[in-house]
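The values are calculated or read from the model by the stated rules, or taken from the named source; none is laboratory data. Keep in mind that what you see is a predicted model, and the values were worked out from it rather than measured. Positions of Cβ are generated from backbone atoms using ideal geometry, with glycine treated the same way; all protein chains shown enter the neighbour counts. These accessible areas exclude ligands, DNA and RNA; they are computed on the full protein's heavy atoms, side chains included. Shrake-Rupley method; radii C 1.70, N 1.55, O 1.52, S 1.80 Å.
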Amino acid sequence: QVRLVESGGGVAQPGGSLRLSCAASGRSFGTATMGWFRQTPGKEREFVAAVSWNRGITDYADSLEGRFAISRDNAKSMVYLQMNRLKPEDTAVYYCAATPQAFSRNWSSYNYWGQGTQVTVSS
């Protein structure tokens, strides 16, 4: 079992930055692949980024163009998503997720989810 709680969402201007945090609890966190997804009304949940449980191997959605960075601190049971050069199209609810499986961009592969945090990019 893994419990996830996101924080750090809010309103940012285009070109600005936000850092999302995900606090995890549960013994399985240390060996779980962690991911960030986002969702807007009427659309399917979209893969953003993932990080492996060891060696910090990362994967990103191609559409991000290098603007986001995922990281994790296993000692603190935390996962982060640094979002830079934000665009209005980044507006969404962002979810932290965990899976015992290897890397996946498919939301259905993830067993555990946080409640989500709203990110709004607007001038």
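Residue pairs, Cβ under 8 Å, 6 or more apart or interchain, first in the range 1-18 and under 16 Å from Trp36 (Cβ atoms) and at pLDDT below 95, second open to solvent by less than 20 Å² (accessible area, probe 1.4 Å) and small (Gly, Ala, Ser). List them.
Between residues of the range 1-18 that are under 16 Å from Trp36 (Cβ atoms) and at pLDDT below 95 and residues that are open to solvent by less than 20 Å² (accessible area, probe 1.4 Å) and small (Gly, Ala, Ser), the close pairs are Val2/Ala24; Val2/Ala32; Val2/Ala98.
Within the range 1-60, how many residues turn out to be of a type in the set (Val, Ile, Thr) and either assigned to a loop (DSSP other than H, G, I, E, B) or more than 18 Å from Gly114 (Cα to Cα) (or both)? Break it down into steps so the answer makes sense when it comes.
First, the residues of the range 1-60 that are of a type in the set (Val, Ile, Thr): 2, 5, 11, 31, 33, 40, 48, 51, 57-58.
Filter again for either assigned to a loop (DSSP other than H, G, I, E, B) or more than 18 Å from Gly114 (Cα to Cα) (or both), leaving 2, 11, 40, 57-58.
Total meeting the criteria: 5.
What's the number of the only condition in (1) in contact (Cβ under 8 Å) with a residue 40 or more places away in the chain; (2) within 13 Å of Met34 (Cβ to Cβ) that Gln118 fails to meet?
(2)
Consider Tyr94 carefully, then state whether it is open to solvent by less than 20 Å² (accessible area, probe 1.4 Å), at pLDDT 95 or above and either out of contact with any strand residue (DSSP E or B) (no Cβ under 7 Å at 6 or more places or on another chain) or within 24 Å of Gln1 (Cβ to Cβ) (or both).
yes
Looking only at the range 22-37, which residues are under 15 Å from Tyr95 (Cβ atoms) and open to solvent by 20 Å² or more (accessible area, probe 1.4 Å)? If you could, list the steps in order and put the result at the bottom.
So the first thing to find is which residues in the range 22-37 are under 15 Å from Tyr95 (Cβ atoms), and the list is 22-24, 32-37.
Within the range 22-37, Ala23 is the sole residue that qualifies.
Cβ contacts < 7 Å: first residue more than 22 Å from Asn84 (Cβ to Cβ), restricted to the range 40-67; second residue of a type in the set (Asp, Glu), any location; separation 6+ or different chain. Result?
Partner pairs satisfying both residue conditions: none exist.
I'd like the residue in the range 19-42 that is basic (Lys, Arg) and modelled with pLDDT of 95 or more and, out of all such residues, is nearest to Tyr110 (Cα to Cα).
Among those that are basic (Lys, Arg) and modelled with pLDDT of 95 or more, it is Arg38.
Give just the number: which of (1) of a type in the set (D, E, K, R); (2) crowded, with 21+ Cβ neighbours inside 10 Å; (3) in contact with an Asp or Glu (Cβ under 9 Å, 6 or more places away or on another chain) does Arg72 not satisfy?
The single condition Arg72 does not satisfy is (3).
Could you tell me whether the range 85-93 includes any residue that is of a type outside the set (A, V, I, L, M, F, W, C), outside any strand (DSSP E or B) and farther than 29 Å from Ser122 by Cα?
no
Applying the selection to the range 9-20, what residues are surrounded by 16 or more Cβ atoms within 10 Å (Cβ to Cβ) and not aliphatic (A, V, I, L, M)?
Gly9
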